[in-house]
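My questions all concern the structure below.
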Amino acid sequence: MNPEKVSFLPFHAINEFMLVDYRQSVVQDVFSHLDPVSAETRRELLRMVKELVQVPGFRNSSQAPLPLKVRGAVSVFQKSADFCGATLQAWSDIHADLREHVYQLLKGRSWEVLPAEANRAKLPGFLTVWPKEETYEVLENAFQEQVENASQYVDDDIRLMLVWVSGRLPYDLMTGEENQPAQD
């Protein structure tokens, strides 16, 4: 890839690739399981909840009951790149085993990726290029073949982790090693 032509989409662009129910499930998962989240990510996420999430009747929305907090956080997740990035980083911390499996899969397929435990929320967003031949289906099949007990993971979680670990959204499909946009 030509470094002078690298472009990023803000983290909240992922909402165009997520179903409404799944987005709510991810946000609820994060607020229900903050224990395994790194201290830095947890602190940043809770700061943003306090500043950005509006829950009627609560000055500090982080103290609101889970369903109300989730409802308010989903709308912020859709609009704020920083909040979306912090939420996805927390989600990847919660699912560290899946993250490691996806990391190993992508490294084994010669993808250039940051270390599995890297805080991707510090990046400016998602790269916009995705190898055309590496469809979700191809990667999911490879995941199923490579990972013991792969059936414990749902496809949506695998796909989200593929996007998060790779730091890419399947926006511009690229072909071959020449990294030219795919012609459809």
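The values are calculated or read from the model by the stated rules, or taken from the named source; none is laboratory data. Predicted model only: the values in this text are computed from it and were never measured. Because the Cβ atoms are built from the backbone with ideal geometry, glycine has one as well, and the counts that use them run over all protein chains shown. Please note that ligands, DNA and RNA were not included when accessible areas were found on the heavy atoms of the full protein model with its side chains. Shrake-Rupley method; radii C 1.70, N 1.55, O 1.52, S 1.80 Å.
Might you let me know whether the stretch 64-72 holds any residue that is among the β-branched types (V, I, T) and under 16 Å from the mean Cα position of the chain (by Cα)? Give the steps one after another, and end with the answer.
First, pick out the residues of the stretch 64-72 that are among the β-branched types (V, I, T): 70.
Then keep just the ones that are under 16 Å from the mean Cα position of the chain (by Cα); that gives none.
Within the stretch 64-72, none of the residues are among the β-branched types (V, I, T) and under 16 Å from the mean Cα position of the chain (by Cα).
Let me ask something else about it. Considering the stretch 38-56 alone, what residues qualify as being within 14 Å of A90 (Cβ to Cβ) and not aliphatic (A, V, I, L, M)?
Those that are within 14 Å of A90 (Cβ to Cβ) and not aliphatic (A, V, I, L, M): S38, E40, T41, R42, R43, E44, R47.
Take the residues of the stretch 36-57 that are open to solvent by 80 Å² or more (accessible area, probe 1.4 Å) and free of Cβ contacts under 8 Å to residues at least 60 places away in the same chain: which is nearest to S80 (Cα to Cα)?
First pass over the stretch 36-57, keeping only residues open to solvent by 80 Å² or more (accessible area, probe 1.4 Å): 40, 43, 47, 50-51, 54, 56-57.
Checking which are free of Cβ contacts under 8 Å to residues at least 60 places away in the same chain leaves us with 43, 47, 50-51, 54, 56-57.
Details: R43: 17, R47: 14, K50: 14, E51: 12, Q54: 13, P56: 20, G57: 22 Å.
Restricting to residues being open to solvent by 80 Å² or more (accessible area, probe 1.4 Å) and free of Cβ contacts under 8 Å to residues at least 60 places away in the same chain, the top hit is E51.
Going through the stretch 128-149 one residue at a time, which ones are touching a residue at least 12 places away in the same chain (Cβ under 8 Å), among the hydrophobic types (A, V, I, L, M, F, W, C) and out of contact with any Asp or Glu (no Cβ under 6 Å at 6 or more places or on another chain)?
W130, L139, A142, F143, V147
Looking at the stretch 58-72, which of the residues that are within 21 Å of Y22 (Cβ to Cβ) and out of contact with any Phe, Trp or Tyr (no Cβ under 7 Å at 6 or more places or on another chain) is surrounded by the fewest Cβ atoms within 10 Å (Cβ to Cβ)? Quick ask: steps written out before the conclusion?
Quick first cut of the stretch 58-72, residues within 21 Å of Y22 (Cβ to Cβ) only: 66-72.
With out of contact with any Phe, Trp or Tyr (no Cβ under 7 Å at 6 or more places or on another chain) added as a condition, the list becomes 67-68, 71-72.
Details: P67: 10, L68: 15, R71: 16, G72: 20.
Applying the filter and picking the extreme gives P67.
Hey, another quick one. How do the helices (runs of 4 or more DSSP H) wholly within the stretch 29-116 filter down when requiring 3 or more residues that are farther than 30 Å from A142 by Cα: which remain? Steps first, answer last, please.
On the way: elements: 39-52, 66-79, 81-94, 96-108.
Here the list reads 39-52, 66-79, 81-94.
Still on this structure, please answer the following. Considering only residues that are of a type in the set (S, T, N, Q), in contact (Cβ under 8 Å) with a residue 60 or more places away in the chain and under 17 Å from S25 (Cα atoms), which ones fall in the stretch 58-88? Please lay out each step first, then the result.
We begin by selecting, within the stretch 58-88, every residue of a type in the set (S, T, N, Q); these are 60-63, 75, 78, 80, 87.
Adding the requirement that they be in contact (Cβ under 8 Å) with a residue 60 or more places away in the chain leaves 78, 80, 87.
Of everything in the stretch 58-88, those that are of a type in the set (S, T, N, Q), in contact (Cβ under 8 Å) with a residue 60 or more places away in the chain and under 17 Å from S25 (Cα atoms) turn out to be Q78, T87.
Per-residue answers, yes or no, for (1) surrounded by fewer than 17 Cβ atoms within 10 Å (Cβ to Cβ); (2) at pLDDT 95 or above; (3) acidic (D, E):
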| residue | (1), (2), (3) |
| --- | --- |
| A118 | yes, yes, no |
| F126 | no, yes, no |
| Y153 | no, yes, no |
| L160 | no, yes, no |
| V163 | no, yes, no |
| E178 | yes, no, yes |
| P181 | yes, no, no |
